[in-house]
Structure formats: structure tokens, C-alpha cells
Amino acid sequence: MGRFMKRYSAPGSVPGSFAERAPEGPCAALEVILYSPEAYRRFEIPSLDKLPDPKPGTVTWLNVAGLDGAVLEQLTSRFGIHPLVMEDVVNLGQRPKVEAYDGYLFVVLDLVTWNEEALHVEREQVSLLLLEGLVISIQERPGDVFDPVRERISSARGRIRTVGADYLLYALIDAAVDHLFPVLESVGDQIEDLEDELVEEPSREHVATLHAIKRDLLSLRRSTWPLREMTSRLARGENAAFAADTVPYLRDVADHAVQVLDVLESFRDVVSGLMDLYLSSVSNRMNEVMKVLTIIATIFIPLGFIAGLYGMNFNPAVSPYNMPELGWRYGYPFALAVMATVAGVMVFYFSRRKWL
């Protein structure tokens, strides 16, 4: 899967007409988890017709992996979901948000993962519906970050099996938010490695890497900023869909979202500083090169003067003062020795001044 691509409705399309805009592909995979304090069952169903009706004291989690238009239409008709909700499910790129409808709650999240091979961030939209005793999660493709929640349900670890569907919705939101921390850790490791390379040997390839990291951070910010607003809205406890004892857990999720945003903003500042570091490193490297070339040119200035002096071709036969050393047997070695001495003295002087 490549980078997150946003999908829009066609201009002028009928509001709520979502089925024909569902992407083509294999049929959606439907997984059901039923649990109560005493029982647990996990299975797959071929169609929504096989989905058991919610029972008192039992929580049902239906996970739909794949945007199948026929399945979405069945969900709309069976549970009375508004067509505009399903339109948001199909049209990817929605901002994380929460909307209350008559009889259910609609939540949109981004599942953010780290691609270890391509070294960049990937996003996937997941839509969550909270009904009476039922949570429906709709994903674009199989695979998610909810396995810890499934493990807690199957092992009856914590209080998840003893509370209602609202707590399951909280657990799914919490899993999506908490998974941002390992993603940010991977991005931070990439930034640290890049910083070390920029200090040692900056190159043009590092500029491309910097821009890729900036794009990832921008993508994360687009997900995290509205996520903070959404979790803060839930944490205020104004929604009747959540029990009073679930609200403190929602406040904890909101706090995690704020922490993620703080780390993200610090990373953006570091990346901006890395660009300045790259430009500074390149400038310093150029200054070192120019210094060496300047020293070499400075050393050859007096040598060029000596060579030019003896290239004036005055005739020694006309006057005894016209370069008498040209007729000397050791004149040429003497001139070379003078040049070498001058060059050696200048190199010694530059070294003492720590210009080399």
C-alpha cells in the first residue's frame, strides 16, 4: 500500500449515494466477536444475514475489512445507518471526528503504521459505529492495530468483558492513539540517524530524505490535530452513548493525543533545524575547500614571482648586473632551492597560525 490517497465524491453527485463509489476489489471479510463476562466467541460470517442479533448482557463486535458496496448497503438497511455516514466511510480522507445520530455514534479515525521497508508513514481510515450492544468497525483493507484489544477480550484481561459496548469503542480508539507512539519512535530514530549522517558527510540524498520526513510529519499532523479535538470532545462526557465510568478513560485517551501532538511538533522543529544543519554543513565544507585552495594559491604567489623574475631574459653580456646568476653553474638548483625554502617557510607559518 502506498501513501494515503484521498477519495472524493464526484462533483454534483447525489448526497448519500455511496455504493457505486465503493472501490472495486474482493468482497469484504466479516469477522464477529461475541463476548460477555462468562462467554467468548470469535468467528467469520459469509454475509450480514448470518450476524446474530445483539443480546442483553452480550457485546458484539463486527469488523468489516474491505469497502464492499453491497455490504455497506446491507448495514445501512439493517441498522438504519444514514446514507451520509456511509458516504463518509467510502470517501477516504475524512478528518478524525465523532458525530452523534439518532440511536448510534459515528467515529472516524486514522490507523497510522510505519512501513519498515520504505521507511515512511502509512495511513488507513477506519470508521466505527456504536449501537446498542454492538460496535461496527469498517476498514479499507484487512489488517489493523486492534490485535491487543482482541487479545484482551479473548483472555478476559482487564475490565473489557464486564462492561458495555461503549468501553469497546473506547478501547479501539485508545489502541489507534497509542499505536502512534511506536510510529513516532520509528520516525525519531530515522531523524537521529539522519542527523548523524548530516554532521559526518552531508549529501544531496539527505535533502530528499528530509523532505520525505517532512511529508510524513505533515501527514501525521493532519491526523493528530483533529484527533485531539475529537478525543477532547468525547472526554467532556457530553455524549450519552458513553457510561459515566467510561469517561475517565476517554480523558486518558485525550491526554495521549495531546502528548502525541507535542512530540510531533518537536519533531517538526528538529527537522527544520536539520535543514539548517545541512546548509551549514555544506557551507562549512565549501569554506574548508576554499581555504585549502586559497593557501595553495598563496604559496604559489611568491614562487610565481621568482619564476617570472628569471623569465625576463635580460642579456648578461650587456651588463654585469643583468642576472649574472644565469651564467652560474648552480643557478638553476639555487632558484629551485629558493622556491622550496619560501614554500616551506609559508607552510610552517600557516601551520603555526593553525590555518591548515
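Straight distance only, please: which lysines reach the Cα of Lys291 with their own Cα at less than 18 Å, same-chain residues fewer than 8 apart left out?
Correct list for Lys291: Lys354.
Compute the acute angle (0 to 90°) between the alpha-carbon long axis of helix 247-309 and the principal axis of greatest extent of the alpha-carbon atoms of the chain; round to the nearest 10°.
Tilt of helix 247-309: around 10 degrees.
Using Cα pairs under 8 angstrom and six or more residues apart, how large is the relative contact order of the chain, in percent?
Relative contact order comes out at 13 percent.
Let me spell out the model: positive unit charges on the Cβ of Lys and Arg, negative unit charges on the Cβ of Asp and Glu, origin at the Cα centre of the chain. What dipole size does that give, in debye rounded to 20?
Charge dipole, the chain, about its Cα centre: 1160 debye, nearest 20.
Full extension from Asp252 to Asp147: what is 0.36 nm times the residue separation minus their Cα-Cα distance, to one decimal in nm?
Difference between extended and current length: 35.8 nm.
What length, rounded to one decimal in nm, is gained on full extension from Tyr349 through to Met323, with 0.36 nm per residue of separation minus their alpha-carbon distance?
Answer, rounded to one decimal: 6.3 nm.
Taking the Cα-to-Cβ direction at Glu38 and at Val199 and moving 7 Å from each Cα, how far apart do the two end points lie in nm?
Once both label points are built, they end up 6.4 nm from each other.
Where is the GNM fluctuation largest for the chain (alpha-carbon springs, 10 angstrom cutoff): Ala307, Ala317, Ala340?
Highest fluctuation of the listed residues: Ala317.
Stokes-Einstein at 4 °C, 1.567 mPa s, Kirkwood radius from Cα pairs: D for the chain in µm² s⁻¹?
51 µm²/s
Mind checking the range 322-355 for chymotrypsin sites (Phe, Trp or Tyr not before Pro) that DSSP puts in a loop (not H, G, I, E or B) and that have at most 16 other Cβ atoms within 10 Å?
Answer by residue number: Trp328, Tyr330, Trp355.
Can you return the aspartates and glutamates within cross-link range of Lys97? Criterion is Cα-Cα under 12 Å, with same-chain partners fewer than 8 residues away left out.
Those aspartates and glutamates meeting the cut-off are Asp88, Asp110, Glu229.
Taking amide hydrogens as modeled 1.01 Å from N in the peptide plane, which residues meet the under 5 Å criterion relative to Leu134, leaving out close sequence neighbours?
Hits under the 5 Å cutoff: Thr60.
If Lys and Arg each add +1 and Asp and Glu each add -1, what is the summed charge of the other residues whose beta carbon sits under 13 Å from the beta carbon of Leu234?
So the surrounding residues net to -2.
By the scheme Lys and Arg +1, Asp and Glu -1, what is the net charge of all other residues having a beta-carbon under 15 Å from that of Glu265?
+2
Read the figures in this text as sums done on the coordinates, not as results from a lab. Small disclaimer: the values here were computed from a predicted structure and weren't measured. In this analysis, Cβ positions are derived from the backbone assuming ideal geometry, glycine residues included, and neighbour counts consider all displayed protein chains.
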